[in-house]
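The values are calculated or read from the model by the stated rules, or taken from the named source; none is laboratory data. On a predicted model such as this, the values are computed, not experimentally measured, just so you know. Cβ placement follows ideal geometry from the backbone for every residue including glycine, while neighbour counts extend to all protein chains displayed. When the accessible area is computed, the model is the full protein with side chains, heavy atoms only, and any ligands, DNA or RNA have been set aside. Shrake-Rupley method; radii C 1.70, N 1.55, O 1.52, S 1.80 Å.
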Protein chains: 4
Amino acid sequence: MAGKTPAGSARSDAVRNRRLLLDAAAEAFAEGGVEVSIGEIAQRAGVGKGTVFRHFVSKDELLAAIMLGMLDELIDTASGLTTADDPGAALKGFLTAGVQIFVRDRAFCEVIGRPSLQHAEVRAAIDRLCDVAEQLTARARDRGLVRPGITGTDVALLMAGVQQTAAPLLAAEPQAWRRYLDLVFDGITASTGRELPYPPPSHLSLA
Amino acid sequence: MAGKTPAGSARSDAVRNRRLLLDAAAEAFAEGGVEVSIGEIAQRAGVGKGTVFRHFVSKDELLAAIMLGMLDELIDTASGLTTADDPGAALKGFLTAGVQIFVRDRAFCEVIGRPSLQHAEVRAAIDRLCDVAEQLTARARDRGLVRPGITGTDVALLMAGVQQTAAPLLAAEPQAWRRYLDLVFDGITASTGRELPYPPPSHLSLA
Amino acid sequence: MAGKTPAGSARSDAVRNRRLLLDAAAEAFAEGGVEVSIGEIAQRAGVGKGTVFRHFVSKDELLAAIMLGMLDELIDTASGLTTADDPGAALKGFLTAGVQIFVRDRAFCEVIGRPSLQHAEVRAAIDRLCDVAEQLTARARDRGLVRPGITGTDVALLMAGVQQTAAPLLAAEPQAWRRYLDLVFDGITASTGRELPYPPPSHLSLA
Amino acid sequence: MAGKTPAGSARSDAVRNRRLLLDAAAEAFAEGGVEVSIGEIAQRAGVGKGTVFRHFVSKDELLAAIMLGMLDELIDTASGLTTADDPGAALKGFLTAGVQIFVRDRAFCEVIGRPSLQHAEVRAAIDRLCDVAEQLTARARDRGLVRPGITGTDVALLMAGVQQTAAPLLAAEPQAWRRYLDLVFDGITASTGRELPYPPPSHLSLA
DNA sequence: GATGAATGAGTTTTCATTCAT
DNA sequence: AATGAATGAAAACTCATTCAT
């Protein structure tokens, strides 16, 4: 009725543990993908398994919380770029930021790149990401800096593609993704005159 | 109970079972990814679980055998294209064939795209694939049909990237990969004059 | 944070919390049986889980406290009936009151009906219940209103039996127990001349 | 396609384990109720936990299999009694057999006596039990051996009631249920002239 | 005194792998 | 050689109880 904690602030040790947990889980998911066990996450955070479930109602919710944090960061970055002077550079900066997240995080790749995505909040965040991606793309498109039919959703999708291209190299060459990012960006900005052989994805078919 | 099969020796039965098993496993892995259980594969093949382990020492070996089969098919296709009249069309045909394998096969995506690939034979097959990809690429490169620094390994890697880009769309739009294949191909063939910001992967760093 | 409650000392707060807790627990146990979690009880009472354990040393003690409360109420009702004009009606009134408690309270059924009952205070209360039941029964027996060998303990035990008979019906027919109460009462009061094939329970063998 | 085992017969060791498992589970459920863990059952049977799930798809299925076995036995007993010479003795024999099952088996009491019963096969078996109980009851009723309104469902329900009445005594006096069985039977057969204050349950409202 | 965060043993269930038949 | 039964080590999740704040 009156909320969990009188003044709306959680206990300091709980806050600290939640932080520990999120960090440990983020690291574990990043390294091991969605398959890492709650047991390992708890161990990394230095807490008991029960504590994980006190803070997050299920493994899926924990995963979603972390994915949402990363998506929101990326959305913020993108928002900041919508008013940049050079729309082309802004779009490339956005793409770069996005690919870096994918490159660092195995779970992110697995969650975002799968055909059927369950979690409603994550889907909503992806929608928001596509929206702001479209803003950035539209500005560049209007000035002829990208090919006519390219959409924000295209750009968002290509982030995962660039990561996947470089994936087998990343252990030995952590920056190899930069090569494919540029190559794909050249594909986006190429003025071939030809139309692409398949229409752009409708916004909502993403998730 | 211990009776012989009328139309074959014990050995020919084993050969037939191996074939049954490979086909069933290929289908199962393609649809469900590497997580499909040995039980489901055995059931699809119409054999007992024990038979799976008689033919393949572990699940990983079975998976590797399937992956090798697909890689060999792709290598054959590529070999056939090395003498085609139009090197540009040949390269694109190769890329198309490769992406189609990825699109059809969840396990293939999961196995090939991982940073550290254990299985020696699969690594060797990927090396062979990169070799033949390099032959195709070199022919196109020599005629100025692709950018200067692009290698066969780049091309092989990009197959996975194109699939991953389209992955979230494929359930609703099974042909969406064609959009990104063209876009990436335009990136490969773009004559920007600029060099890519990161050197091509050395052949052996792949896995 | 550490503030006093305006209208009471710390002790009166504790008294109030104990009351809140007993009421909430009674309701929860009645609805959900002994399996309801301490968490749910605390939530219903609007207190923290720690408070439950400050007032009751374990879940079993809390449960016992509730059971004791109900047993004492029933004992009081029975005591009031020992001086009623019609000993037969008094006995039936007692039986009715008892069955109603069982019908309303899942935990009561589960606790009382188990072969080995641990809690000493609850056992003592059941003894007291049997005593007063015996008083009521004796009065009726003396006037020939019940069969010769029937004891107070028999009557007390039959309460649970009537409830259990009707249990599968109660969701659809909340008053169905009345059918079996009358049937059993007719069994108690039947003048068959025959003796029952097994002696009445000795008072102390109850738990 | 051709069934699990060629000739329709399971392997002898599997049959043996299934028997071991059913016996161990029956014993464990009888003693400890539905809450006994699969781990304990496996241990009692001398098999691994996995073996339990090989034979029964879930704990609920195992429990249902055992309950069904007991219900079917009781139904058979009842069927055999439908042609007995003395319908009154037959009805009492049926009641006795049923109460004995309840008395021996904690899980049976818990499963059958609960308001909402999930398992479809168990519900069907209970329906069958009520049917045959009605046959037995009708014969006795037609000869004026039981009160007019008493139905087979009443009789089936009363089995649980008799058990519950005696439950607290059974540890010390394992045969105490015989006392209450006779008392209840006298209630069923009493010719009071009075009607019971609540109508008999409709057949289907049982489960 | 009150709180609710942390704990960890315990539950059901899955599945690759081994082995008796 | 083939089978499928048995195994047991995980995994996600629950909850009574303890304890720092």
(request) Count, for each residue of B:147-160, the Cβ atoms from other chains sitting within 10 Å of its Cβ, then give me the mean as a whole number. (result) 3
(request) Can you tell me the order of D:195-201, B:79-85, D:100-106 when each peptide is scored by its average per-residue count of other Cβ atoms within 10 angstrom, highest first? (result) D:100-106, D:195-201, B:79-85
(message) For chain C, what does the relative contact order come out to in percent, with C-alpha contacts under 8 Å and a separation of six or more?
(response) 19
(request) Using only C-alpha atoms and all pairs of different ones, pull out the Kirkwood radius for the protein assembly as shown in Å with one decimal. (result) 33.4
(request) Rounding to the nearest 20 debye, state how big the charge dipole of the protein assembly as shown is about its Cα centre with +1 on each Lys and Arg Cβ and -1 on each Asp and Glu Cβ. (result) 560
(message) Let's test the formula: R0 of 45 Å, r as the Cβ-Cβ distance of C:Ser191 and D:Ala124. What FRET efficiency results, to the nearest 0.05?
(response) 0.60
(message) With the crude spin-label approximation of a point 7 Å out along Cα→Cβ, what separation in nm comes out for A:Ala14 versus A:Arg104?
(response) 2.9
(message) Less than 15 Å Cβ to Cβ from B:His119, Lys/Arg counted +1 and Asp/Glu -1: what total charge do the surrounding residues give?
(response) -2
(request) Tell me the distances, shortest first, between B:Asp142 and the same position across the other copies, using label points 7 Å along Cα→Cβ, in nm to one decimal. (result) 4.9, 10.3, 12.4
(message) Leaving out ligands, DNA and RNA, and with a 1.4 Å probe, what % of the accessible surface on the protein assembly as shown is carbon or sulfur?
(response) 52
(request) One decimal, nm, shortest first: give the distances between the label point of A:Ala124 and those of the same position in the other copies, each label point 7 Å from Cα along Cα→Cβ. (result) 4.5, 5.4, 5.7
(message) Counting just the Cα atoms, what span does the stretch A:29-85 cover along each of its three principal axes? Round to the nearest Å and put the largest first.
(response) 49, 22, 18
(message) Using the Cα centre of the stretch D:58-206 as origin and beta-carbon charges of +1 (Lys, Arg) and -1 (Asp, Glu), tell me which of D:Met159, D:Leu63, D:Ala190 is placed farthest towards the positive end of the dipole.
(response) D:Ala190
(request) Compute the long axis of helix D:120-142 from its Cα atoms, compare it with the longest principal axis of the Cα atoms of chain D, and write down the angle in degrees, 0 to 90, nearest 10. (result) 30
(request) Return the average number of partner chain Cβ atoms within 10 angstrom of each residue Cβ along peptide C:105-112. (result) 1
(request) Could you let me know the centre-to-centre spacing of the stretch A:60-116 and the stretch D:42-113, using Cα atoms, in angstrom? (result) 60
(request) Please calculate how many Å² of accessible area chain B carries per residue, with a 1.4 Å probe and no DNA, RNA or ligand atoms counted. (result) 47
(message) What distance in nm separates the two pseudo spin-label positions at D:Ser202 and A:Lys59, each 7 Å out from Cα along the beta-carbon direction?
(response) 4.7
(message) How far, in whole Å, is the closest Cβ of chain D from the axis that maps D onto A, and which residue does it belong to?
(response) D:Gly39, 10
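If you take the alpha carbon radius of gyration of the stretch C:9-56 and divide it by 2.2 N^0.38 Å, what ratio comes out, to two decimals?
Relative to the 2.2 N^0.38 Å estimate, the stretch C:9-56 comes out at 1.09.
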(message) For the stretch D:21-131, what does the relative contact order come out to in percent, with C-alpha contacts under 8 Å and a separation of six or more?
(response) 34
(request) Could you pull the Rg and Dmax for chain B, using just the Cα atoms, both in Å? (result) 19.6, 73
(request) Using only Cα atoms, tell me the angle between helix A:87-104 and the longest principal axis of chain A; keep it within 0 to 90° and round to the nearest 10. (result) 40
(message) Not counting ligands, DNA or RNA, and with a 1.4 Å probe, what is C:Arg128's accessible surface area in Å² rounded to the nearest 10?
(response) 110
(message) Under 8 Å for C-alpha pairs, at least 6 residues apart: give me the relative contact order for the stretch A:11-56, rounded to a whole percent.
(response) 37
(request) Could you tell me how many degrees, from 0 to 90 and to the nearest 10, lie between the Cα long axis of helix A:12-32 and the main elongation axis, the longest principal axis, of the Cα atoms of chain A? (result) 50
(request) Between the label point of C:Ser37 and that of the same position in each other copy, find the distances and list them shortest first in nm, with every label point placed 7 Å from Cα along the Cα-to-C-beta direction. (result) 1.8, 2.2, 2.8
(request) Just report the Cα centroid separation between the stretch B:130-170 and the stretch A:153-176, whole Å. (result) 14
